[in-house]
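Colleague: Following this message is one structure expressed as structure tokens.
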Amino acid sequence: MAGSSEGVGDKELPPILEQRCILQSEALSQYIMETSVYPREPEALRELRQLTATDLRQAPAIRFWNVMATGPDEMQFLSMLLKLMNAKKTLEIGVFTGYSLLATALSLPHDGEIIAIDTNRKNFELGLPFFEKAGVAHKVDFREGLALPILNELTKEVRERKHYKLTSAFSNLISTTYRTHIMMYMAGCVFYFQEKYKGWFDFVFVDADKSNYMNYHERVVEMVRVGGIIGYDNTLWNGSVVAEAMAERPFPWYIMESRDAILEFNAYLAADSRVEICHLSIADGLTLCRRLR
Ligand code: SAM
Ligand code: CA
């Protein structure tokens, strides 16, 4: 805020120092895209982005919705993060035609796994040929349906998978006979239930209905491993989080409809001691949460 920063005293800051957020400048945003993002965008991603931006326009019912695809600058950032983390298992809630999903698939190793949830299989299938062409379709396990019930099922499944891995690792290591196998399985069960459940996914990307972000958080915070990252998209929600300060700019109904949910969610994350957070002003706002315990 002008004049209130430490060490600056009461003097007005020059305007240039107040403009720290790239969202304030379309031209700057375009400059980043044209200089650093588009020239390095993988071919399959570029083709999928173009299909989403053009072909969907021809279908009037969904024409409007092509703005839903995640921005390439944001995915360039997340792709680097995934590689830095050596992420192998990820979860995505909200797929649409698959731009963020394809960028994720391209960033995971060959044996990487992504569970991807969306109510709309048709849009996912529109993008699927680009996954096939890029040789990453095998990494994606698409689950069609509402995210909340699927997440509830997934919690159980993740526990079972972890359980199976642990017990079979025991068995493979020590047992040769059937009887020892069973004994080792039972020992594994005891070990599993004594271990605190620490999560399965390295990374989770949440980009579906904003009114459920809080519900998603309560589920995925248990499913991401300690040290893993959850990314929540659109946490600046078109700038409407400060709608009062932007009274001159009218926001469309679909923005105002979920504005309170985003405001509530941002405040809730800021107070959640289970995660460390970082609220980024990239694209439409991205909040990263690192699980602490
Ligand atoms: N991440 C996508 C991309 O990069 O193209 C964009 C996702 S789009 C913003 C939101 C998606 O969430 C839509 O495809 C919609 O069908 C899905 N969705 C909305 N509510 C949902 C729910 N309750 N359960 C599952 N999917 C949902
Ligand atoms: Ca989004």
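Colleague: D for segment 81-120, whole µm²/s, Stokes-Einstein with Kirkwood Rh over alpha-carbon pairs at 37 °C and 0.692 mPa s: what number?
Modeller: Once the numbers are plugged in, D ends up at 316 µm²/s.
Colleague: What number comes out for the charge environment of residue 96, summing +1 per Lys or Arg and -1 per Asp or Glu over other residues with Cβ under 9 Å away?
Modeller: -2
Colleague: Would you pull out the residues with amide H under 5 Å of residue 280's amide H, same chain only if 5 or more places away, H placed 1.01 Å from N?
Modeller: 286, 287, 288
Colleague: With θ taken as phi - 60° and the coefficients 6.51, -1.76 and 1.60, list the Karplus ³J(HN,Hα) couplings across segment 253-258 in order, rounded to whole Hz; mark glycine and proline as x.
Modeller: Along segment 253-258, the couplings run 4, 5, 7, 5, 4, 9 Hz.
Colleague: Sorted by average packing, counted as other Cβ atoms within 10 angstrom per residue and highest first, what order do 83-95, 33-45 take?
Modeller: 83-95, 33-45
Colleague: Another question about this same structure. If amide H atoms are built 1.01 Å from N in the plane of the peptide, which residues on other chains or at least 5 residues away come under 5 Å of the amide H of residue 113?
Modeller: It is 89, 90, by chain and number.
Colleague: Still on this structure: Please list, in chain and number order, the residues 5+ apart from residue 275 or on another chain whose amide H is under 5 Å from its amide H, with Hs placed from the backbone.
Modeller: The list, which skips near neighbours in sequence, is 292.
Colleague: While we're here: Sort segment 98-164 into rounded, prolate or oblate with this rule: let a ≥ b ≥ c be the square roots of the eigenvalues of the Cα gyration tensor; rounded if a/c is under 1.5, and if a/c is not under 1.5, prolate when a/b is larger than b/c, oblate otherwise.
Modeller: On the way: a/c = 2.83, a/b = 1.33, b/c = 2.12.
Since a/c reaches 1.5 but b/c is at least a/b, the shape of segment 98-164 is classed as oblate.
Colleague: Here's a follow-up. For 156, 210, what's the fewest-to-most ordering of other Cβ within 10 Å of each Cβ?
Modeller: 156, 210
Colleague: In what sequence do 278, 289 fall when counting other Cβ within 10 Å, fewest first?
Modeller: On the way: 278 12, 289 24.
Neighbour counts put them in this order, fewest first: 278, 289.
Colleague: Could you order the peptides 265-273, 221-229 from most to least packed, using the average number of other C-beta atoms within 10 Å per residue? Could the numbers behind the result be given before it?
Modeller: Numbers: 265-273: 13.7, 221-229: 18.7.
With the highest mean Cβ count within 10 Å placed first, the list reads 221-229, 265-273.
Read-outs throughout are calculated quantities, based only on the coordinates presented, and are distinct from any laboratory measurement. Keep in mind that what you see is a predicted model, and the values were worked out from it rather than measured. Because the Cβ atoms are built from the backbone with ideal geometry, glycine has one as well, and the counts that use them run over all protein chains shown.
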